Amino acid sequence: MNKTADLPTPDTQQDTDWWRGAVIYQIYPRSFQDSNGDGIGDLLGIAQRLPHVASLGVDAVWISPFFKSPMKDFGYDVSDYCDVDPMFGTLADFDILIGAAHRLGLKVLIDLVLSHSSQDHHWFRESRKDKDNDYANWYVWADAKPDGTPPNNWLSIFGGSAWQWEPSRCQYYMHNFLTEQPDLNFHEPKVQEALLNTAHFWLGRGVDGFRLDTINFYVHDAQLRDNPALPVEERNPITAPAVNPYTWQNHLYDKTQPENLDFLRKFRAVLNEYHAAAVGEVGDDQRGLEILGQYTAGDDLMHMSYAFELLSDHMPTPDYITGVMTKIAEVAADGWVCWAFSNHDVPRHISRWNLTDAGARCFTTLMMCLRGSVCLYQGEELALPESEVAFEDLQDPYGKRFWPAFKGRDGCRTPMVWEPSNQNGGFSQGFPWLPVSHDHLNRAVSTQEQDPAAILHHYRRAVSFRHAHHALAKGSIDDLGTDGSILHFVRTQPDESIFCAFNLRHEPAVMEMPAGKWRQIGAELGSTGVAPDGRIHLGPWQPALLVRVT
Ligand code: BGC
Ligand code: MG
């Protein structure tokens, strides 16, 4: 018998490690493409625009929540985990979407919000009725203090106490986010079982994995101990703005409890049955990377964790990035990070860091050279700036609460722009739920397609560069260093070493070449090589990418 006939062909072979180093494109369904003219994006709209996503060369899409929801937090408040909200379509539409994605070679990750449900979920409707119904223990209920005030000092990220009074039980319930998002009680085994079943439901429908919302918020301290105050000098607002007093506490007890690991282990076992992968969002201002290291170590917890370090308000400097990578080597050497510059929760990085076109390109190339997986946020490939949304047009409850010190998240959630001629940028025939930003129109997809110098093409080249070099996707990161405005490191796989340097400044800079023989690569990304004087001369925002020659 021909021996090779026993081996699976590449087509049928499951690459279970696909997620490591992958590039994932985040779709915010409300704002991607509206197919039925109601001004709100939907699943069939996404399916229709998938060829654009595939043309970027990315490996997967992460679709923000489209489940049944009263939309108090625009889908992050789920009232039925196993159905599609009619506003976004039907389960049949989802099947069409997933089929279309798979035909284009795209994996599909969906966004499970398990830490809390909507107050409209039937579990909560029952739970809130009295103290001895079947769901009585499914949420975090606690008695008032003798003076009637909440059980402890825990705060909601969206403002105020984390406790809301429920007259019918004469008790408080806990919510880390809106009062309409009651926290599920993970100390109750039936809750864990019900949530694992939702994962089975979607994996059975063919999804390739999940983005898991706020995974370190699942379990709370059963003793409900107060969080200590953080000394002012130790505050490090990275997951919430500084004007939010949530950042003034040391969150020792309201999240990141040891029992969380037990649930993550059970979740991983479900994923393994389907060869699926998960990226968990870990939010903590004090211990984010340590938790990430813990949650992604070994192979029985999360595959990767979403990190906040590059979602920072300030433009990352070479020293900052070196510090972050060094810290990861210390506390998450065995783990795997998923990076993003932009998402649906923070102002777009073009505006956040006040980037020029050259700066935006350089950071994109840098991202594709970092160790970790990458999430690109819709519209990032067009270098869209943050939209100015007037108070009257505001939708995000977080923004309404903290306006104007913090304007919320609507500015990064305005509709995608596909073509410049249509007044809604080709997003919708109807009145869009958030206004299309006028200064986005000249950056529309169809306009950039026709301009070879547009950043959209740079994104395609950068993604393809990453895929062409295994060392960039999966290799180690070594010899990290800075030289003034230059950040440099080497990415290594057994068969390939790539030297990467980036000049993160508007002025030119020079550095010495590391020892050894190197050949310039990445000319299509504007990379430079070694000059006749044996040094590397970098223009403003220029990278140098070189492969070791043996
Ligand atoms: C999501 C937010 C959401 C929150 C509550 C997150 O971190 O990304 O958009 O508001 O979780 O679910
Ligand atoms: Mg619609």
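Assorted remarks:
- Looking only at residues in the range 176-191 that are open to solvent by 20 Å² or more (accessible area, probe 1.4 Å) and in a helix (DSSP H, G or I), the one that is nearest to ligand 2 (Cβ to nearest atom) is 190.
- Residues satisfying the stated conditions in the range 363-411, i.e. touching a strand residue (DSSP E or B) at 6+ places or on another chain (Cβ under 6 Å) and assigned to a helix (DSSP H, G or I): 365, 366, 367, 369
Residue-wise test of (1) among the aliphatic types (A, V, I, L, M); (2) away from ligand 1 (no atom under 16 Å from the Cβ).
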{"position": "119", "(1), (2)": "no, no"}
{"position": "131", "(1), (2)": "no, yes"}
{"position": "135", "(1), (2)": "no, yes"}
{"position": "138", "(1), (2)": "no, yes"}
{"position": "144", "(1), (2)": "yes, yes"}
{"position": "149", "(1), (2)": "no, yes"}
{"position": "158", "(1), (2)": "no, no"}
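- Test: residue 343 is of a type outside the set (D, E, K, R) and surrounded by fewer than 22 Cβ atoms within 10 Å (Cβ to Cβ): no
- Selection within the range 292-315 - open to solvent by less than 10 Å² (accessible area, probe 1.4 Å), of a type in the set (A, V, I, L, M, F, W, C) and over 18 Å from residue 269 (Cβ atoms): 292, 307, 310, 311
- Here the strands (runs of 3 or more DSSP E) wholly within the range 254-347 that include at least 2 residues being aliphatic (A, V, I, L, M) and touching a residue at least 12 places away in the same chain (Cβ under 8 Å) are 277-281, 337-340.
- From the list 93, 38, 77, 34, the lone residue that is in a loop (DSSP other than H, G, I, E, B), within 16 Å of ligand 2 (Cβ to nearest atom) and buried (at least 16 other Cβ atoms within 10 Å of the Cβ) is 34.
- Only one entry of 489, 465 meets the criterion of being in a strand (DSSP E or B) and either farther than 23 Å from residue 350 by Cβ or within 25 Å of the chain's Cα centre (by Cα) (or both), and that entry is 489.
- Checking each residue in the range 245-258 for being exposed (fewer than 15 other Cβ atoms within 10 Å of the Cβ) and either more than 14 Å from residue 229 (Cβ to Cβ) or over 24 Å from the mean Cα position of the chain (by Cα) (or both) picks out only 258.
- Here residue 210 meets each of (1) within 16 Å of ligand 1 (Cβ to nearest atom); (2) within 21 Å of residue 120 (Cβ to Cβ); (3) outside any loop (DSSP other than H, G, I, E, B); (4) not basic (Lys, Arg) with one exception, condition (2).
- Scan of the range 515-550 for residues that are part of a loop (DSSP other than H, G, I, E, B) and under 35 Å from the mean Cα position of the chain (by Cα), ordered by number: 522, 526, 527, 529, 539, 540, 541, 542
- Those residues of the range 26-43 which are farther than 13 Å from residue 415 by Cα and within 16 Å of ligand 1 (Cβ to nearest atom), in sequence order: 26
- Residue within the range 378-401 that is within 16 Å of ligand 1 (Cβ to nearest atom), in contact (Cβ under 8 Å) with a residue 40 or more places away in the chain, over 23 Å from the mean Cα position of the chain (by Cα) and over 19 Å from residue 363 (Cβ atoms) present: yes
- The residues in the range 496-528 that are open to solvent by less than 30 Å² (accessible area, probe 1.4 Å) and within 23 Å of residue 476 (Cβ to Cβ) can be counted, and the count is 12.
- Residue selection: residue 57 satisfies the criterion of being assigned to a loop (DSSP other than H, G, I, E, B) and away from ligand 2 (no atom under 15 Å from the Cβ).
- Each residue in the range 126-164 was checked for being in contact (Cβ under 8 Å) with a residue 40 or more places away in the chain and either touching a His at 6+ places or on another chain (Cβ under 8 Å) or in a loop (DSSP other than H, G, I, E, B) (or both), and 15 of them qualify.
- Filter result for residue 51 (within 16 Å of ligand 1 (Cβ to nearest atom) and modelled with pLDDT of 95 or more): no
- Of all residues making up the range 406-425, the number that are within 16 Å of ligand 2 (Cβ to nearest atom) and either touching a residue at least 24 places away in the same chain (Cβ under 8 Å) or not assigned by TED's automatic domain parsing to the domain that holds residue 48 (or both): 5
- Residue 155 in the same structural domain as residue 241 (by TED's automatic domain parsing), buried (at least 20 other Cβ atoms within 10 Å of the Cβ) and of a type outside the set (Asp, Glu): no
The values are calculated or read from the model by the stated rules, or taken from the named source; none is laboratory data. Since we're looking at a predicted model, the values are computed, not measured. Note that we place each Cβ from the backbone using ideal geometry, even for glycine, and neighbour counts take in every protein chain shown. Surface areas here come from the heavy atoms of the whole protein model, side chains and all, with no ligands, DNA or RNA. Shrake-Rupley method; radii C 1.70, N 1.55, O 1.52, S 1.80 Å.
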